[in-house]
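Working notes, beginning with the structure itself.
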């Protein structure tokens, strides 16, 4: 499942995730699942037809990522793999950053962070003009809704409806989900 909240120049995408990286040196031993959220630059493309044609929309460069993950075999609600990536190197995130306050109240922490777009952009190394001046207010207004969608998806992951092992997936490396 993928949900998108798009403002003028930036937006947030939220999706379920099932992930297995066989390299335990990256801080993962065994599969994990949950919800991934990314703040992205968005772009409107040129019309491909008449003035009535659909507008091409691109979810472009990632700015920031939050992974509300838990080990598949762990206690639901433990948030034992929950972390964020405050900086990207191109399309690749930098190392996982684990924070006590993120694991203890992930949705509250997420809402607070989304409410301060200038700080997120600064930490990520993006200039303020990456976002439209109206984006900060719009994101602050929708932060509770976005956190609510992330919570709804987490509930569906724990119920076995989302964030599942895909059938027929190779056992050595798995990444299932839009993000």
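The values are calculated or read from the model by the stated rules, or taken from the named source; none is laboratory data. Computed from a predicted model, the values in this text were never measured in an experiment. Cβ placement follows ideal geometry from the backbone for every residue including glycine, while neighbour counts extend to all protein chains displayed.
Restricting attention to region 43-64 and to residues that are within 27 Å of residue 109 (Cα to Cα) and free of Cβ contacts under 8 Å to residues at least 40 places away in the same chain, the residue that is surrounded by the fewest Cβ atoms within 10 Å (Cβ to Cβ) turns out to be 60.
All conditions but one from (1) part of a strand (DSSP E or B); (2) modelled with pLDDT of 95 or more; (3) farther than 26 Å from residue 158 by Cβ apply to residue 59; the one that does not is (2).
Scanning region 104-117 for residues being under 14 Å from residue 85 (Cα atoms) and at pLDDT below 95 gives a total of 0. On the basis of being out of contact with any strand residue (DSSP E or B) (no Cβ under 9 Å at 6 or more places or on another chain) and more than 20 Å from residue 144 (Cβ to Cβ), does residue 127 make the cut? So residue 127 passes the test.
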